[in-house]
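Colleague: To start, I am sharing the structure in question, which I have written as structure tokens.
The values are calculated or read from the model by the stated rules, or taken from the named source; none is laboratory data. Here the structure is a predicted model, which is why all the values come from computation and not from measurement. Heads up, the Cβs are rebuilt from the backbone with ideal geometry, glycines too, and the neighbour counts pull from every protein chain shown. SASA here: full protein model, heavy atoms, side chains in, ligands and nucleic acids out. Shrake-Rupley method; radii C 1.70, N 1.55, O 1.52, S 1.80 Å.
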Amino acid sequence: MMWRSAGVAGAALGVLLHLAAAQAPSDRAALAAWRDSLEERHDTAELATLEANLIDSARTHHDDGILHLRIGLVAVREGELTHTHSHFNDAGSEFNWARDLHADWPWPWLGLGFADASAMGSTLGTIAAMLRSDPAAHAANDFVHAATVDSTWADALAWPAASALADADPFLLRAVLEAFRTAATLPVSRLPEVQLARARVESEVGDADSARILLEGLVAREPDNAAVLLELARARLEYGLLSGATPWYRGLALATGETLVRYRNDVAMLLPDSTLAAFDHAPSGDARVALMQHFWEARDELQTSSERLREHYRRLAIARREFSLRSPHADRNDLAAQFDDRGLTVIRHGLPDDRASLNLPGVPANESWLYHRGGGNDLWLHFVVAAGTNEYRLVPSVFDILALSGQARIAALGPDAKSADSRTDTVETYGAGLLAQTAQELLHSREPISPLYGRMLARGKSAAADLQAQELKMGERNIAIALNTDSWKLSYQLPIAAAVEFVAIGGDSAHSQLQATFAIPGDAIVPDRTPQGFLYTVRARVAVLATDGSVAATLDTSRSFLSSTWIAPDGRLLARFPLDLPPGRYTARAALESVSGGMVTPRDSIDVASFAGATLALSDLALGDRSVPLALRAGDDTVWIDPDLTFHHAQPLQLAFQVAGMKAGTPYKAQLTIVRTSAKAAAAALSRPVLGGSAMLRLAFDERHGGGVQTVRRQLSLEKLNPGVYIIEVIVSTPDGGTALRRREFTIVK
């Protein structure tokens, strides 16, 4: 148990022997300092000597209540370090003696509560607890009695709460929660520090709604209390409320001392060294706020800093609930020391998309996690509990789990099969031996995690060494990613199959534009029925990144569309959002969501042409269909865009692009080519210097530039082209040798 004192500095290591008719504030402070000093002692022999010396003094000063309290606190510390029930019994005897001497002192009752709750965590204490109706109630009653005999002493309840929370002690937390609820009508319960302590305990093991109600009231009374603001933020964020971001940032701006340390502890694990140093040396609270806002926003450009902050505290709550080490030796000021490797991974990357394990006699407890990342970059991780521990730790290979098994010890796997590091040779995953059969079971259990494990089973002896070396190398890389990076992908439980297309067109000589266009299938969106018609509401998010990773433009808007008729399942809801961008190369992502679900696009490369200079410039190619009513005005022309880029062969294709960088009257040539490709080959074809392939359609036309930014439109017949995937290319050339090229993929259907 961690003994912490709020507001008492220093340590009193000397023995103050005196008689007191009443427990003065100075006596309480001296006992608190004594208790804090004991927390720094870890040598049980030294504590035993200290206890013996105090007992000798008590033989001649047996009526000194302070002395008996000191002895009791030493016994509690010994019990905490040795987990021995007899020490807690000794402590209880000393606290009882002090209570008999001074029943009107709060400290004897507080000590009894600590001794009772601590004893429940020892082995004999657990057995004793099973024989008692409600062991936590005894400790709770003692805490309440301490608060009753001195209704001005907030620490009668706040100190047990701080200790219970610091150690994540389930027995003490339960006792403290019951004490808070029992003492709810006492005057001490109205003190701000007591209400804050209760809110923290309610958040941890009680009722989250009660915690928020308490904290809302405290903030109303103390709007500039950074500790209260932090707790309110935590309570809201862990519950999934974005409104928790406001008090979090406000509290960070005001925080000093212990509260600032708690802010730092919450986020330090994720902060790079340079960012952590900037946090520690920020010249003001406002500077820390700006630093953290930028940090959270950089985690995912599609999401606000509030959303990433909420996700962080949600992950912290999961890690504390499911993966806490709950060790008395864990450093409570070091977040990373409080969790096993599963907890650390959850804080950095969230819960996995899939899990696998093998429950087999002789095989230690194990788990493998999978994070879907797409593009062949899935992250899979293996966790195992080593002998003599109860902590899950990362290992790079599934065969490291095997190396810790009883089967491996029987087969003498490696030179020393007592540790995962001992695996040096290829493991036999074939044959009928005990080790081989266990290996096969492990591989079968991990087939959902990676296709690599299926290949290990299928290819057998011939490829065992190569595949195992490959798996080990990938596992080492995955561990480095898991423990040194963080991630958060915006995702939706119910995906929708919307089409999103970015087209850099529509600007003028003063402003370049990017058109973010969307087409949502009618069966992917549910309307609200209103007296005026059917109301469809969509949230659209767009983020555009420059080549250095900085955010160049963002969009986050909800738009409602009122339709007199219901959109049929095979119909589409269309939308266009223009974004002003300076010329340059970018990547863009978008997300769409409705009450029915959502979708996130992969990154798309964007090249925004400059129309302001005297160099030939060509916009993106806009492809549309007059039957798809999504258009924009570009100068005096209408540009049609179909985000789906799928066109009926009987419907004319509307092509548009913009040309700039020439004086009025300058002649230029535009060459248009359409080639057949395939969905698999299209990406490579789009990036080749020369398009290649047989031209299915080729057109060339001469134009004379009108000055400024000129919009060129052409209507193309697709009737002679068979259904399939195509690429359209436009090359513009000028007499002085200037050329500009643009391509776009599209599909033709019957």
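Colleague: For Asn265 paired with Ala700, estimate the spin-label separation in nm (one decimal), with each label point 7 Å from Cα along the Cα-to-Cβ line.
Modeller: 7.5
Colleague: What are the ³J(HN,Hα) values, in whole Hz, obtained from phi via the Karplus relation 6.51 cos²θ - 1.76 cosθ + 1.60 with θ = phi - 60°, for each residue of segment 380-390 in sequence order, with x given for Gly and Pro?
Modeller: 3J(HN,Hα) across segment 380-390, in whole Hz: 10, 9, 10, 10, 8, 9, 6, 4, x, 10, 10.
Colleague: Packing-wise, with mean Cβ within 10 Å as the measure, how do 84-91, 444-451 rank, highest first? Please list the in-between numbers first.
Modeller: Numbers: 84-91: 21.4, 444-451: 17.2.
Ranking the peptides 84-91, 444-451 by packing returns 84-91, 444-451.
Colleague: Picking from Pro531, Thr304, Val690, whose Cα lies most toward the positive end of the charge dipole for the chain (charges on Cβ: Lys, Arg +1; Asp, Glu -1)?
Modeller: Working it through, the farthest residue towards the positive pole turns out to be Val690.
Colleague: Still on this structure, I have one more. Got a sec? Which residues in segment 561-597 would a label at Ala497 touch, if it sits 7 Å along Cα→Cβ and we count backbone N under 16 Å?
Modeller: Under cut-off, by backbone N: 568-573, 597.
Colleague: Does anyone have the angle between helix 44-60 and the longest principal axis of the chain? Alpha-carbon axes, 0 to 90°, nearest 10?
Modeller: Helix 44-60 and the main axis of the chain meet at about 40 degrees.
Colleague: Can you give me the distance in nm between label points at Ser26 and Asn390, each placed 7 Å from the Cα along the Cα-to-Cβ direction?
Modeller: Simple spin-label model gives 4.6 nm for this pair.
Colleague: Separate question: Determine which aspartates and glutamates satisfy two conditions relative to Lys473: a Cα distance under 20 Å, and not lying fewer than 8 residues away in the same chain.
Modeller: Output for Lys473: Asp341, Glu367, Asp378, Asp400, Asp421, Asp425, Glu428, Glu447.
Colleague: Starting from a Cα-only point model with no solvent, please compute log10 I(q)/I(0) by Debye for segment 461-528 at q = 0.12, 0.26 1/Å.
Modeller: Here the Debye-derived log intensity ratios amount to -0.75, -1.12.
Colleague: Here is a follow-up. Restricting everything to alpha-carbon atoms, can you work out Rg to Rh for segment 146-272 with a Kirkwood hydrodynamic radius?
Modeller: Using only Cα positions, Rg/Rh for segment 146-272 is 0.97.
Colleague: In square nanometres and to one decimal, what's the mean projected area of the convex hull around the Cα atoms of segment 189-331?
Modeller: On the way: hull surface 36.4 nm².
Reported value for the Cα convex hull: 9.1 nm².
Colleague: Can you work out ³J(HN,Hα) from phi for every residue in segment 163-178, in order, using Karplus 6.51 cos²θ - 1.76 cosθ + 1.60 and θ = phi - 60°, giving whole Hz and x for Gly and Pro?
Modeller: These are the phi-based 3J(HN,Hα) values: 5, 5, 5, 5, 9, 6, 7, x, 5, 5, 4, 5, 5, 5, 4, 5 Hz.
Colleague: Once the cut-off is 16 Å, how many percent of the Cα-Cα pairs in segment 36-96 end up in the long-distance tail?
Modeller: On the way: 686 of 1830 pairs.
Percentage above 16 Å: 37.
Colleague: Mind putting a number on the dipole of segment 233-382 about its Cα centre? Charges go on the C-beta only, +1 for Lys and Arg and -1 for Asp and Glu, and I need it in Debye to the nearest 20.
Modeller: Details: 19 positive and 20 negative charges, 96 e Å.
Dipole size: approximately 460 debye.
Colleague: Rounded to the nearest 500, what is the chain's calculated 222 nm mean residue ellipticity when only DSSP H runs of at least 4 contribute -39500 (n - 2.57) each, over all residues?
Modeller: -12500 deg cm²/dmol
Colleague: Among (i) 84, 69, 54; (ii) 90, 66, 58; (iii) 114, 71, 52, find the value of Cα extents along the principal axes in Å that was calculated from the structure presented, and write down its label.
Modeller: Read-out from the structure maps to (iii).
Colleague: Now for a different question. Dipole size in debye (nearest 20) for segment 525-639 around its Cα centre, Lys and Arg Cβ +1, Asp and Glu Cβ -1?
Modeller: Using only the charged Cβ atoms, the result is roughly 280 debye.
Colleague: Okay, next question. On C-alpha positions alone, give me the angle between the axis of helix 65-82 and the longest principal axis of the chain, in degrees, nearest 10.
Modeller: 50
Colleague: Output ³J(HN,Hα) for segment 644-657: one whole-Hz value per residue in order, computed from phi by the Karplus curve 6.51 cos²θ - 1.76 cosθ + 1.60 with θ = phi - 60°, and x for Gly and Pro.
Modeller: 6, 6, 10, 10, 6, 5, 8, 9, x, 8, 9, 10, 9, 7
Colleague: Calculate, in nm to one decimal, what Leu186 and His372 gain on full extension: separation in residues at 0.36 nm each, minus their alpha carbon distance.
Modeller: 61.6 nm
Colleague: Could you give me the percent of Cα pairs per 10 Å distance bin for segment 540-591, shortest bin first, beginning at zero and ending with the bin that holds the maximum distance?
Modeller: Reading the bins upward from 0: 19, 40, 24, 14, 2.
Colleague: Note down the nm distance, to one decimal, between modelled labels 7 Å out along Cα→Cβ at Glu46 and at Thr82.
Modeller: In this crude spin-label approximation the distance works out to 1.7 nm.
Colleague: Could you give the dipole magnitude of the chain about its Cα centre, charging the beta-carbon of Lys and Arg +1 and that of Asp and Glu -1, in debye to the nearest 20?
Modeller: Value, rounded to 20: 3300 debye.
Colleague: Want the number for Asp56 to Thr554: 0.36 nm per residue separation, take away the alpha-carbon distance, what's left?
Modeller: Extra length from Asp56 to Thr554 when fully extended: 171.9 nm.
Colleague: Could you order the peptides 661-671, 517-527 from most to least packed, using the average number of other C-beta atoms within 10 Å per residue?
Modeller: Packing proxy ranking, top to bottom: 517-527, 661-671.
Colleague: Cross-link list Lys680/Lys750; Lys489/Lys750; Lys489/Lys680; Lys461/Lys489; Lys669/Lys720: which exceed 32 angstrom alpha carbon to alpha carbon?
Modeller: Check vs 32 Å cut-off fails for Lys489/Lys750; Lys461/Lys489.
Colleague: P(r) tail for segment 540-637, what percent of Cα pairs lie past 22 Å?
Modeller: Of the Cα pairs, 45 percent sit more than 22 Å apart.
Colleague: Net charge near Gly506: determine it from the other residues with C-beta under 14 Å of the C-beta of Gly506, scoring Lys and Arg +1 and Asp and Glu -1.
Modeller: Working: positive: Arg576, Arg633, Arg713; negative: Glu501, Asp508, Asp580, Asp620, Asp636, Asp637.
It works out to a net charge of -3.
Colleague: Follow-up question, since we're still on this one. Taking a virtual spin label 7 Å from the Cα of Ser678 along the C-beta vector, which residues in segment 718-732 bring their backbone nitrogen under 20 Å of it?
Modeller: Correct set: 722-728.
Colleague: Of the accessible area of segment 593-643, with the probe set at 1.4 angstrom, what percent is carbon plus sulfur?
Modeller: 49
Colleague: May I ask you to compute the full-extension gain from Asp354 to Asp736, defined as 0.36 nm times their residue separation minus their alpha-carbon distance, rounded to one decimal in nm?
Modeller: In short, 131.6 nm is gained.
Colleague: Highest mean first, how do 38-45, 358-365 rank when packing is the count of other Cβ atoms within 10 Å averaged over residues?
Modeller: Answer by packing, highest mean first, reads 358-365, 38-45.
Colleague: Quick check: at a probe of 1.4 Å, how many percent of the accessible area of segment 232-297 sits on carbon and sulfur atoms?
Modeller: So the carbon and sulfur contribution to the accessible surface is 54 percent.
Colleague: A follow-up question, please. Keeping all protein chains in place, calculate the accessible area per residue for the chain (probe 1.4 angstrom), answer in Å².
Modeller: Dividing the accessible area of the chain by its residue count gives 44 Å².
Colleague: Suppose R0 equals 41 Å; then what is the FRET efficiency for Thr426 and Ser687 from their Cβ-Cβ distance, rounded to the nearest 0.05?
Modeller: So, using R0 = 41 Å, E works out to roughly 0.50.
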